[in-house]
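Trainee: First the structure, which I've put down as structure tokens, then a few questions once you've had a look.
The values are calculated or read from the model by the stated rules, or taken from the named source; none is laboratory data. Treat the numbers as computed from the prediction; the structure is a model and nothing was measured. All Cβ positions, even for glycine, are placed from backbone atoms using ideal geometry, and neighbour counts span all protein chains on display.
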Amino acid sequence: MRVRIKGDVLCTLLLVISLSTLLYSLLRPTAKQDIAPVKNTKRLKNPPRTAASKKYYDSKVTGKVKLLSEDHHADVDSEDVKPTVPPVKTQSPFDFQQYLSSKDHRNFSLLINQPNKCTKPSGESFLLIAVKSIVEDFDRRESVRKTWGKEGLVNGVRVRRVFLLGIPKNKTTVSLWESLMQQESHYYKDILLWDFLDTFFNLTLKEIHFLSWAEMFCNDVKFIFKGDADVFVNVENLIHFLQNQNASEDLFVGDIINHAKPIRSKKSKYYIPETMYGLGIYPAYAGGGGFLMSGVTMTKLAEACKEVELFPIDDVFLGMCLQRINLKPVLHEGFKTFGITRPSAAPHLQTFDPCFYKDLMVVHSLKAAEIWLMWNLLHSQQPPCSQKQRIKKPFHWKKKKTKQAINAVTRLQVN
């Protein structure tokens, strides 16, 4: 009897243990599923805004994207990160596949033309000023028109002006832009507008279309200055320089860059893959802020551009065209297309100073208001650099003293 009772008790205990184990195994994954979303929801509701997270939220650099820094996530379980971070597709700053598929499309229609630019008013065209611009930058165009880009007779020679534009990439940001461009063209007669999107990598299209236009409508011009709308140009210095040049010969002058290497970093605005340009060095080219060329050179470049394969960086592309016609560009110290750098030996020197600009030709990266101010200062009735007494501390480079001179001074002081 006792043996039978003990056997029943043991069977009951084993059955209870088996049922408990089964219930535990069934309930365990359910509990985990209920808890995990609550944990992640709490994480999303109040994300920690550390210095590392702020760096991510404020970053605008394209390339490989991370939620936060790697150090911040060193102690976070990967299972918790997956539901909160959607996969992000890395995008290149430039769609090379699309560019390569459409790079041979290089003939776009001219929506706004100025066919009489170099014939009216009548007279010899000495200098044609061509300025790269975009539809939105009316204030910069107006600044150029009223300062260094004035048309008419300057120092006895005829100066003419055109602005080079394409279609705005985002047409909705500029309402009625077509009507505004037509009105601006009718009033100033200096707008050239082509039917291609005005983007950074389409500046090469702007280059070849301008050269083609100049060859067709302005083929008797002696010299051409081509530059950006955010440069200050001392036109009087340009004309003085050009009057000593032979207009019937080749001329290409600017801030020349030699032995520049292609940038292979995908994060850079100027990234070029080896599949597009396999050489290690670019040909010599001029900084796009501004350069001078003769009408003879313009005609040769217009023909060379038709034979050279398009390249997304317009400055380099023009260097390739110069290489095609075997013309070496000439460096001139008066072209500062990368801005003015304060000399280390003169920390007191103010770079935004009329006396600094008086002997230069082209200075890049200026605001419209700065261009107005500098122009007015240099063309005032009493220019600040015309009177020596107004310059309290003229800058002079210090000559390095030799060892002997220093020793001689020391001996004199001792005696």
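Trainee: Within segment 223-234, identify whether any single residue is over 18 Å from the mean Cα position of the chain (by Cα) and farther than 24 Å from Thr147 by Cβ, and answer yes or no. So that I can check it myself, show each step before the final result.
Mentor: First pass over segment 223-234, keeping only residues over 18 Å from the mean Cα position of the chain (by Cα): 223-225, 233-234.
In the following step, the residues that additionally are farther than 24 Å from Thr147 by Cβ were identified as none.
Looking through segment 223-234, none of the residues is over 18 Å from the mean Cα position of the chain (by Cα) and farther than 24 Å from Thr147 by Cβ.
Trainee: Next up: Kindly establish whether Lys328 is at pLDDT 95 or above, under 26 Å from Leu242 (Cα atoms), touching a helix residue (DSSP H, G or I) at 6+ places or on another chain (Cβ under 9 Å) and among the basic types (Lys, Arg). It would help to see each step written out before you state the result.
Mentor: Working: at pLDDT 95 or above: yes; under 26 Å from Leu242 (Cα atoms): yes; touching a helix residue (DSSP H, G or I) at 6+ places or on another chain (Cβ under 9 Å): yes; among the basic types (Lys, Arg): yes.
Criteria met by Lys328.
Trainee: Filter segment 185-221 down to residues that are within 22 Å of the chain's Cα centre (by Cα), among the polar types (S, T, N, Q) and more than 22 Å from Asn170 (Cα to Cα), then give me how many there are.
Mentor: Number of matching residues: 0.
Trainee: Go through segment 190-208 and report how many residues are touching a residue at least 40 places away in the same chain (Cβ under 8 Å) and either part of a loop (DSSP other than H, G, I, E, B) or in contact with a helix residue (DSSP H, G or I) (Cβ under 8 Å, 6 or more places away or on another chain) (or both). If you could, list the steps in order and put the result at the bottom.
Mentor: First pass over segment 190-208, keeping only residues touching a residue at least 40 places away in the same chain (Cβ under 8 Å): 190-196, 198, 200-201, 203-208.
Narrowing further to those that are either part of a loop (DSSP other than H, G, I, E, B) or in contact with a helix residue (DSSP H, G or I) (Cβ under 8 Å, 6 or more places away or on another chain) (or both): 190-194, 196, 198, 201, 203-204, 206-208.
Qualifying residue count, segment 190-208: 13.
Trainee: Can you tell me how many residues within segment 103-143 are among the hydroxyl-bearing types (Ser, Thr, Tyr), more than 21 Å from the chain's Cα centre (by Cα) and under 21 Å from Val159 (Cβ atoms)? Break it down stepwise before answering.
Mentor: In the first step, residues of segment 103-143 are kept if they are among the hydroxyl-bearing types (Ser, Thr, Tyr); the result is 109, 119, 122, 125, 133, 143.
Next, only the ones that are more than 21 Å from the chain's Cα centre (by Cα) stay: 109, 119, 122, 125.
Adding the requirement that they be under 21 Å from Val159 (Cβ atoms) leaves 119, 122, 125.
Number of matching residues: 3.
Trainee: Out of segment 251-265, which residues are buried (at least 18 other Cβ atoms within 10 Å of the Cβ) and either in a loop (DSSP other than H, G, I, E, B) or more than 23 Å from the chain's Cα centre (by Cα) (or both)?
Mentor: Leu251, Pro262 - these are the residues of segment 251-265 that are buried (at least 18 other Cβ atoms within 10 Å of the Cβ) and either in a loop (DSSP other than H, G, I, E, B) or more than 23 Å from the chain's Cα centre (by Cα) (or both).
Trainee: Further, regarding this structure: List the number of the failed condition for Asn202; all other conditions in (1) out of contact with any strand residue (DSSP E or B) (no Cβ under 7 Å at 6 or more places or on another chain); (2) polar (S, T, N, Q); (3) modelled with pLDDT under 95 hold.
Mentor: Tallying (1) out of contact with any strand residue (DSSP E or B) (no Cβ under 7 Å at 6 or more places or on another chain); (2) polar (S, T, N, Q); (3) modelled with pLDDT under 95, Asn202 fails exactly one: (1).
Trainee: Out of (1) hydrophobic (A, V, I, L, M, F, W, C); (2) assigned to a loop (DSSP other than H, G, I, E, B); (3) surrounded by 14 or more Cβ atoms within 10 Å (Cβ to Cβ), the odd one out for Ala286 is which?
Mentor: (2)
Trainee: For segment 151-188, give me the residue count where each residue is modelled with pLDDT of 95 or more and among the charged types (D, E, K, R).
Mentor: Number of matching residues: 5.
Trainee: Moving on. Quick one: count up the residues across segment 154-177 that are surrounded by fewer than 19 Cβ atoms within 10 Å (Cβ to Cβ) and either touching a residue at least 24 places away in the same chain (Cβ under 8 Å) or of a type in the set (Val, Ile, Thr) (or both). Outline the logic, then answer.
Mentor: Residues of segment 154-177 that are surrounded by fewer than 19 Cβ atoms within 10 Å (Cβ to Cβ), as a first pass: 154-157, 168-177.
From the residues that got through so far, the ones that are either touching a residue at least 24 places away in the same chain (Cβ under 8 Å) or of a type in the set (Val, Ile, Thr) (or both) too are 154-155, 157, 168-169, 172-174, 177.
Total satisfying the criteria: 9.
Trainee: Also, quick follow-up: Considering only segment 119-139, how many residues are crowded, with 20+ Cβ neighbours inside 10 Å and either within 21 Å of Glu178 (Cβ to Cβ) or not hydroxyl-bearing (Ser, Thr, Tyr) (or both)? Steps first, answer last, please.
Mentor: Taking segment 119-139 first, the residues crowded, with 20+ Cβ neighbours inside 10 Å are 125-133, 135.
From what is left, the residues that are either within 21 Å of Glu178 (Cβ to Cβ) or not hydroxyl-bearing (Ser, Thr, Tyr) (or both) are 126-133, 135.
Number of matching residues: 9.
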